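Here the structure is laid out as C-alpha coordinates; the discussion comes afterwards.
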Amino acid sequence: MKKHLILVGPPGSGKDTHGKILSQKIGIPLISSGEVLRDEIANRTEIGIRFESLINKGLLVSDDVMETFFEKILFKYDLSKGFILNGFPRTVSQAEFINRYLFEHNVCIDCVLNIAVSDDEIIKRLSGRRTCKKCGAVYNIYYYRSKVDSVCDLCGGELYQRDDDREDIVKDRTKIYIKNTFPLIEYYGKKSLLCEINGNGIIDEVSKRIVEAVND
Ligand code: AMP
(Lines give C-alpha, C1' and ligand atoms only; values in the text may rest on other atoms or scores of the structure.)
Protein backbone atom coordinates (compact mmCIF):
# COMPACT_ATOMS: atom_id res chain seq x y z
CA MET A 1 0.00 0.00 0.00
CA LYS A 2 1.18 3.49 -0.83
CA LYS A 3 1.31 5.56 2.34
CA HIS A 4 3.37 8.67 1.54
CA LEU A 5 0.78 10.63 -0.36
CA ILE A 6 0.07 14.11 -1.69
CA LEU A 7 -3.41 15.23 -2.71
CA VAL A 8 -3.74 17.84 -5.45
CA GLY A 9 -6.72 19.13 -7.38
CA PRO A 10 -8.59 22.40 -7.84
CA PRO A 11 -10.53 24.00 -5.00
CA GLY A 12 -13.77 22.04 -4.68
CA SER A 13 -12.36 18.79 -6.05
CA GLY A 14 -13.03 17.12 -2.69
CA LYS A 15 -9.51 17.01 -1.27
CA ASP A 16 -10.70 17.76 2.29
CA THR A 17 -13.52 15.21 2.18
CA HIS A 18 -11.49 12.47 0.53
CA GLY A 19 -8.41 13.24 2.58
CA LYS A 20 -10.43 12.66 5.77
CA ILE A 21 -12.05 9.45 4.46
CA LEU A 22 -8.76 8.03 3.24
CA SER A 23 -6.99 8.97 6.46
CA GLN A 24 -9.61 7.03 8.47
CA LYS A 25 -9.63 4.06 6.11
CA ILE A 26 -5.87 3.52 5.99
CA GLY A 27 -5.00 4.94 9.42
CA ILE A 28 -2.53 7.54 8.18
CA PRO A 29 -2.56 11.20 9.32
CA LEU A 30 -4.02 13.86 7.08
CA ILE A 31 -2.04 17.10 7.20
CA SER A 32 -4.11 19.91 5.66
CA SER A 33 -2.45 23.30 5.33
CA GLY A 34 -5.79 25.13 4.91
CA GLU A 35 -7.21 23.57 8.05
CA VAL A 36 -4.10 24.38 10.05
CA LEU A 37 -4.30 28.00 8.85
CA ARG A 38 -8.01 28.24 9.72
CA ASP A 39 -7.18 26.98 13.24
CA GLU A 40 -4.52 29.69 13.50
CA ILE A 41 -7.18 32.28 12.59
CA ALA A 42 -9.70 30.83 15.07
CA ASN A 43 -7.07 30.83 17.83
CA ARG A 44 -6.05 34.43 16.98
CA THR A 45 -2.35 33.49 16.70
CA GLU A 46 0.14 35.90 15.14
CA ILE A 47 0.13 34.05 11.82
CA GLY A 48 -3.67 33.73 11.88
CA ILE A 49 -4.20 37.45 12.44
CA ARG A 50 -1.55 38.38 9.85
CA PHE A 51 -3.02 36.27 7.04
CA GLU A 52 -6.73 36.24 7.85
CA SER A 53 -7.82 38.76 5.23
CA LEU A 54 -5.56 37.27 2.53
CA ILE A 55 -6.90 33.75 3.21
CA ASN A 56 -10.51 34.97 3.22
CA LYS A 57 -9.91 36.41 -0.24
CA GLY A 58 -8.57 33.05 -1.45
CA LEU A 59 -5.06 34.44 -2.10
CA LEU A 60 -1.96 32.38 -1.36
CA VAL A 61 0.35 32.94 1.59
CA SER A 62 3.86 33.58 0.17
CA ASP A 63 6.10 30.55 -0.36
CA ASP A 64 8.80 31.58 2.10
CA VAL A 65 6.35 32.20 4.97
CA MET A 66 4.35 29.07 4.16
CA GLU A 67 7.42 26.85 3.94
CA THR A 68 8.78 28.04 7.31
CA PHE A 69 5.34 27.67 8.90
CA PHE A 70 4.64 24.24 7.41
CA GLU A 71 8.05 22.89 8.38
CA LYS A 72 7.06 23.39 12.03
CA ILE A 73 3.83 21.48 11.40
CA LEU A 74 5.59 18.59 9.64
CA PHE A 75 8.09 18.32 12.46
CA LYS A 76 5.29 17.11 14.77
CA TYR A 77 4.78 13.95 12.69
CA ASP A 78 6.74 10.75 12.19
CA LEU A 79 6.50 10.95 8.41
CA SER A 80 8.15 7.55 7.89
CA LYS A 81 4.87 5.96 9.11
CA GLY A 82 2.91 7.67 6.34
CA PHE A 83 1.13 10.94 5.59
CA ILE A 84 -1.49 12.47 3.36
CA LEU A 85 -0.58 16.06 2.52
CA ASN A 86 -3.52 18.22 1.48
CA GLY A 87 -3.13 21.81 0.24
CA PHE A 88 0.65 21.71 0.50
CA PRO A 89 2.58 21.84 -1.80
CA ARG A 90 0.63 24.36 -3.85
CA THR A 91 3.45 25.78 -5.94
CA VAL A 92 6.55 24.32 -7.58
CA SER A 93 8.71 26.13 -5.00
CA GLN A 94 6.76 24.38 -2.20
CA ALA A 95 7.12 21.04 -4.02
CA GLU A 96 10.88 21.52 -4.11
CA PHE A 97 10.86 22.44 -0.45
CA ILE A 98 8.95 19.28 0.43
CA ASN A 99 11.35 17.15 -1.63
CA ARG A 100 14.28 18.54 0.33
CA TYR A 101 12.47 18.10 3.65
CA LEU A 102 11.48 14.49 2.94
CA PHE A 103 14.95 13.64 1.61
CA GLU A 104 16.47 14.93 4.87
CA HIS A 105 14.04 12.67 6.76
CA ASN A 106 14.69 9.61 4.55
CA VAL A 107 11.17 9.51 3.16
CA CYS A 108 10.02 9.35 -0.47
CA ILE A 109 6.68 10.36 -1.97
CA ASP A 110 4.86 7.23 -3.21
CA CYS A 111 2.09 8.88 -5.15
CA VAL A 112 0.49 12.25 -5.96
CA LEU A 113 -3.27 11.83 -6.29
CA ASN A 114 -4.70 14.40 -8.70
CA ILE A 115 -8.48 14.68 -8.24
CA ALA A 116 -9.98 16.07 -11.45
CA VAL A 117 -13.48 17.60 -11.49
CA SER A 118 -15.33 19.66 -14.11
CA ASP A 119 -15.44 23.49 -13.69
CA ASP A 120 -19.26 23.76 -13.37
CA GLU A 121 -19.29 21.11 -10.70
CA ILE A 122 -16.60 22.97 -8.75
CA ILE A 123 -18.59 26.23 -8.64
CA LYS A 124 -21.68 24.36 -7.35
CA ARG A 125 -19.76 22.38 -4.78
CA LEU A 126 -17.94 25.38 -3.33
CA SER A 127 -20.49 28.18 -3.54
CA GLY A 128 -23.14 25.72 -2.19
CA ARG A 129 -21.00 24.55 0.72
CA ARG A 130 -22.16 25.41 4.25
CA THR A 131 -20.07 24.60 7.31
CA CYS A 132 -21.14 24.23 10.95
CA LYS A 133 -19.59 26.91 13.19
CA LYS A 134 -19.59 24.52 16.14
CA CYS A 135 -18.58 21.06 14.92
CA GLY A 136 -17.26 21.73 11.40
CA ALA A 137 -19.76 19.36 9.69
CA VAL A 138 -20.12 20.19 6.00
CA TYR A 139 -23.38 20.47 4.00
CA ASN A 140 -24.27 21.64 0.51
CA ILE A 141 -27.38 23.57 -0.51
CA TYR A 142 -27.48 21.74 -3.87
CA TYR A 143 -26.52 18.21 -2.87
CA TYR A 144 -26.74 17.68 0.86
CA ARG A 145 -29.00 20.08 2.74
CA SER A 146 -29.42 20.14 6.50
CA LYS A 147 -32.94 19.17 7.69
CA VAL A 148 -33.55 22.71 8.99
CA ASP A 149 -32.10 25.61 6.98
CA SER A 150 -28.82 26.95 8.43
CA VAL A 151 -28.90 24.54 11.40
CA CYS A 152 -26.51 21.60 11.79
CA ASP A 153 -28.26 18.19 11.95
CA LEU A 154 -25.55 16.85 14.22
CA CYS A 155 -25.11 19.49 16.93
CA GLY A 156 -27.67 22.26 16.26
CA GLY A 157 -24.83 24.73 15.51
CA GLU A 158 -25.26 27.57 13.02
CA LEU A 159 -24.24 26.86 9.43
CA TYR A 160 -22.20 29.52 7.63
CA GLN A 161 -20.58 30.07 4.27
CA ARG A 162 -16.78 30.35 4.40
CA ASP A 163 -15.80 33.80 3.07
CA ASP A 164 -13.58 32.14 0.47
CA ASP A 165 -16.51 29.98 -0.75
CA ARG A 166 -18.46 32.99 -2.11
CA GLU A 167 -18.98 32.59 -5.85
CA ASP A 168 -16.78 35.57 -6.86
CA ILE A 169 -13.95 34.37 -4.61
CA VAL A 170 -14.35 30.79 -5.89
CA LYS A 171 -13.73 32.07 -9.43
CA ASP A 172 -10.58 33.87 -8.22
CA ARG A 173 -9.38 30.76 -6.35
CA THR A 174 -9.81 28.70 -9.51
CA LYS A 175 -7.72 31.23 -11.50
CA ILE A 176 -5.03 31.17 -8.78
CA TYR A 177 -5.04 27.38 -8.91
CA ILE A 178 -4.53 27.34 -12.68
CA LYS A 179 -1.66 29.83 -12.47
CA ASN A 180 0.21 28.51 -9.40
CA THR A 181 -0.80 24.94 -8.73
CA PHE A 182 -1.49 23.54 -12.19
CA PRO A 183 2.28 23.50 -12.97
CA LEU A 184 2.62 21.03 -10.09
CA ILE A 185 0.71 18.46 -12.13
CA GLU A 186 3.32 18.69 -14.88
CA TYR A 187 6.11 18.69 -12.27
CA TYR A 188 4.93 15.43 -10.66
CA GLY A 189 4.00 13.96 -14.04
CA LYS A 190 7.64 14.27 -15.12
CA LYS A 191 8.66 12.43 -11.96
CA SER A 192 6.15 9.66 -12.80
CA LEU A 193 4.44 10.14 -9.44
CA LEU A 194 1.07 11.31 -10.69
CA CYS A 195 -2.04 9.23 -10.33
CA GLU A 196 -5.17 10.69 -11.97
CA ILE A 197 -8.46 10.24 -10.09
CA ASN A 198 -11.82 10.98 -11.67
CA GLY A 199 -13.37 13.17 -8.95
CA ASN A 200 -16.82 13.44 -10.56
CA GLY A 201 -19.68 11.45 -9.06
CA ILE A 202 -20.85 10.59 -5.57
CA ILE A 203 -18.46 10.52 -2.60
CA ASP A 204 -18.48 6.71 -2.24
CA GLU A 205 -17.56 6.16 -5.88
CA VAL A 206 -14.68 8.63 -5.82
CA SER A 207 -13.48 7.27 -2.50
CA LYS A 208 -13.42 3.75 -3.94
CA ARG A 209 -11.30 4.95 -6.87
CA ILE A 210 -8.84 6.60 -4.48
CA VAL A 211 -8.48 3.51 -2.29
CA GLU A 212 -7.90 1.37 -5.39
CA ALA A 213 -5.17 3.76 -6.55
CA VAL A 214 -3.48 3.69 -3.16
CA ASN A 215 -3.62 -0.11 -2.98
CA ASP A 216 -2.45 -0.54 -6.56
P1 AMP B 1 -7.58 25.29 1.45
O2 AMP B 1 -8.49 24.89 2.58
O3 AMP B 1 -6.53 24.25 1.14
O4 AMP B 1 -8.35 25.72 0.23
O5 AMP B 1 -6.75 26.57 1.95
C6 AMP B 1 -7.41 27.76 2.34
C7 AMP B 1 -6.51 28.96 2.12
O8 AMP B 1 -5.32 28.85 2.94
C9 AMP B 1 -5.95 29.12 0.70
O10 AMP B 1 -6.88 29.75 -0.17
C11 AMP B 1 -4.73 29.99 0.97
O12 AMP B 1 -5.11 31.33 1.26
C13 AMP B 1 -4.19 29.38 2.25
N14 AMP B 1 -3.25 28.26 1.98
C15 AMP B 1 -3.45 26.95 2.30
N16 AMP B 1 -2.39 26.21 1.93
C17 AMP B 1 -1.53 27.06 1.33
C18 AMP B 1 -0.26 26.88 0.71
N19 AMP B 1 0.31 25.66 0.61
N20 AMP B 1 0.36 27.96 0.19
C21 AMP B 1 -0.20 29.19 0.29
N22 AMP B 1 -1.39 29.43 0.84
C23 AMP B 1 -2.07 28.38 1.37
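Between Rg and the Kirkwood Rh of segment 145-216, both from Cα atoms, what is the Rg to Rh ratio?
On the way: Rg = 17.5 Å, Rh = 15.8 Å.
My calculation of the ratio gives 1.11.
Say a paramagnetic label sat at a point 7 Å from the Cα of Lys81, along Cα to Cβ; which residues of segment 30-66 have their backbone N under 19 Å from it?
30-32
Can you give me the Cα centroid spacing of segment 81-114 and segment 124-188 in angstrom?
25 Å
Just the Kirkwood number for segment 65-192, please: inverse of mean 1/r across all distinct Cα pairs, in Å, one decimal.
Values: mean 1/r = 0.0584 Å⁻¹.
So the Kirkwood estimate lands at 17.1 Å.
For the pair Arg100 and Lys179, how long in nm is the line joining their label points, each one 7 Å along Cα→Cβ?
2.5 nm
Among the DSSP beta bridges whose two residues both lie in segment 57-216, what percent are antiparallel, rounded to the nearest 5?
On the way: 7 of 12 bridges.
Just about 60 percent of them are antiparallel.
For the chain, with the dipole built from +1 on Lys and Arg beta-carbon atoms and -1 on Asp and Glu ones, taken about the Cα centre, which of Val107, Gly156, Ala213 lies farthest toward the positive end?
Gly156
Would you rank Ile31, Ile141 by solvent-accessible area, highest first, keeping every protein chain in place and using a 1.4 Å probe? Show your work: numbers first, answer last.
Details: Ile31 0, Ile141 60 Å².
Listed by decreasing accessible area, they come as Ile141, Ile31.
Please work out the average accessible area per residue across the chain, using the 1.4 Å probe convention, and give it in Å². Spell out each step's value before the answer.
Details: 11570 Å² over 216 residues.
With the other protein chains kept in place, the chain gives 54 Å² per residue.
Taking the Cα centre as origin and putting +1 on Lys and Arg beta-carbons and -1 on Asp and Glu beta-carbons, what dipole magnitude results for the chain, to the nearest 20 debye? Provide the component values of the computation, followed by the final result.
Values: 32 positive and 32 negative charges, 65 e Å.
In debye, rounded to 20, the chain gives about 320.
Mind ranking Lys15, Lys134, Lys208 by accessible surface for me, highest first, 1.4 Å probe? Mind dumping the intermediate values first?
On the way: Lys15 30, Lys134 150, Lys208 130 Å².
Ranked from most to least accessible, the order is Lys134, Lys208, Lys15.
Per the Cauchy relation, a quarter of the hull surface: what is the mean projected area of the convex hull of the alpha carbons in segment 1-131, in nm²?
Working: hull surface 33.6 nm².
Mean projected area of the Cα convex hull: 8.4 nm².
At a threshold of 8 angstrom on Cα-Cα distance, excluding pairs fewer than six apart, so keeping six or more, what relative contact order does the chain reach in percent?
On the way: 300 pairs, mean separation 64.8, N = 216.
Answer for the chain is 30 percent.
Report in % the part of the accessible area of the chain that belongs to carbon and sulfur, leaving out ligands and nucleic acids; probe 1.4 Å.
With neighbouring chains kept in place, the figure for the chain is 52 percent.
Add -39500 (n - 2.57) for each DSSP H run of 4 or more in the chain, then divide by its residues: what number comes out at 222 nm, to the nearest 500 deg cm²/dmol?
Values: 9 runs with 99 residues, N = 216.
Result for the chain, helices only: -14000 deg cm²/dmol.
The values are calculated or read from the model by the stated rules, or taken from the named source; none is laboratory data. Note that the structure is a prediction, hence the values are computed from the model and not measured. Glycine also receives a Cβ, built like all others from the backbone with ideal geometry; neighbour counts cover every protein chain displayed. These area figures cover heavy atoms from the full protein model, side chains too; ligands, DNA and RNA do not enter into them. Shrake-Rupley method; radii C 1.70, N 1.55, O 1.52, S 1.80 Å.
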